[in-house]
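Report on the structure given below.
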Amino acid sequence: MRISIRWVAAAAALLLVFALAIAIYPVVRGGGAGLSLPSSATQAQLPATGPAAPEFTGIVAWENSAPLTLSSLRGKVVLVDFWTYSCINCQRTIPFLRQWWDKYKGDGFVIVGVHSPEFDFEKNVDNVRRAAKDYGVTWPIAVDSNMATWSAYRNNYWPAEYLIDKSGQIRRAHFGEGEYDVTEKAIQTLLIQGGQAVPTSLASADPGITADANHQTPETYAGSARRDGSIHLDGAWKEQPEYAELTSAGGYAEIAFRARKVFVVGAAAGVPVNLHVTLDGHELASVKVNHDDLYPVVSLSDFGAHVLRISPDQAGFRLYTFTFGS
């Protein structure tokens, strides 16, 4: 969900990963170089061929579908979407995926959401099932809790979209948010090439990326494995590799940021916890944390610099990250 696992990369230019041009706003996990794809694979003009798509492997559960294989999906156009449910970047792609699913699923189009977790709590199948319901994910989900399919694709990004033609070749890949219109046109092209009559109007409209996003604060981690000192923890906090946990009431977490929106990835170790939210010293809201997930805590009309403080009302709150949007 970020750079060094999921942060919204504040860049206005396309990055080039080997021969594959990737979009801004990627969420990056360190690892392999990714599949070698033709240089035009992310453009409106699809390459004539591409590498064979790796098979789904190591899947611990399937949601919204019986188990699927790519070999059984030959003859269909398949969009493999790598996501993890507490990633805001992934959540922002869901409305576009839903539009494509609703519009093209009757025309030989299939989406398979490969849920590859960043945090341990995202490995829990029940959590994935609840999140799918909460976020309205109705297409097939392959629960990739051991990152086996992620590794087979040599993927490094949340979200990541691999568009596979009817013969099982990857014809387009896109990493991060954006380019929804280009992806939908590619879906239409592959369906038409396969003999389907589909309308050329678009269900989706790409909202674009604001210039402010180039200047917003990157995602910031509270766990000891990646904490960089930007988060000030006051009170009795116990740091674990993935999160910091408040062990007695009276503490708070504070961060200075530049953005319009702030989200917290958090959890309650025992009973639900209420977060008292202040912005620049002024009471803003109270947010109830009752399961492991991403929670919106700030939404402003104007981009700017602020100081945010969250004060849990009792022990047991686990803070994973602050992440930002513009």
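The values are calculated or read from the model by the stated rules, or taken from the named source; none is laboratory data. These numbers come from a predicted model, not from an experiment. FYI the Cβ positions are ideal-geometry reconstructions off the backbone, even for glycines, and counts take in every protein chain you see. The area values use the complete protein model at the heavy-atom level, side chains included, leaving out ligands, DNA and RNA. Shrake-Rupley method; radii C 1.70, N 1.55, O 1.52, S 1.80 Å.
Rg over Rh for region 272-323 works out to 0.96, using Cα positions for both radii and the Kirkwood form for Rh. Normalising by residue count, the chain has a Cα convex hull of 122 Å³ per residue. Taking a straight Cα-Cα cut-off under 25 Å and skipping sequence neighbours fewer than 8 places away in the same chain, the lysines within cross-link reach of residue 288 are 123, 133, 238, 261. The residues of the chain expose on average 39 square angstrom of accessible surface per residue, using a 1.4 Å probe on protein heavy atoms. With respect to the chain, whose longest principal axis is taken over its alpha-carbon atoms, helix 125-135 is tilted by about 80°.
One chain, two ends: residue 280 and residue 238. Fully extended at 0.36 nm per residue, the span grows by 12.5 nm beyond their Cα-Cα distance. Under a 5 Å amide H cut-off, with hydrogens placed 1.01 Å from N, residue 284 pairs with 277, 278, 279 among residues at least 5 apart or on other chains.
Counting only protein chain heavy atoms and rolling a 1.4 Å probe, the accessible areas of 306, 215 rank, largest first, as 215, 306.
The share of accessible area on the chain that comes from carbon and sulfur is 52 percent, using a 1.4 angstrom probe.
Against the chain, whose longest principal axis comes from its Cα atoms, helix 88-104 is set at around 30 degrees. Only lysines eight or more places from residue 185 in sequence, or on another chain, were considered; those with a Cα closer than 27 Å are 76, 103, 105, 166. Couplings for region 46-52, taken from phi via the Karplus curve 6.51 cos²θ - 1.76 cosθ + 1.60 with θ = phi - 60°, read 6, x, 5, 9, x, x, 5 Hz in order; Gly and Pro are left as x. Of the residues 122, 283, 254, the one with the largest accessible area comes first in the ranking 283, 254, 122, computed with a 1.4 Å probe on protein heavy atoms. Peptides 296-305, 49-58 ordered by packing proxy, namely the average of other Cβ atoms within 10 Å per residue, highest first: 49-58, 296-305. Just how many % of Cα pairs in region 104-190 lie over 14 Å apart, if you round to the nearest whole percent? When all Cα pairs of region 104-190 are counted, 70 percent exceed 14 Å.
Take every pair of alpha-carbon atoms less than 8 Å apart whose residues are at least six positions apart; their mean separation over the length of the chain yields a relative contact order of 18 percent.
Every pair of different Cα atoms in region 143-288 enters the Kirkwood calculation, which places the hydrodynamic radius at 19.7 Å. Once the mean of 1/r is taken over each pair of separate Cα atoms and inverted, region 220-326 shows a Kirkwood hydrodynamic radius of 13.5 Å.
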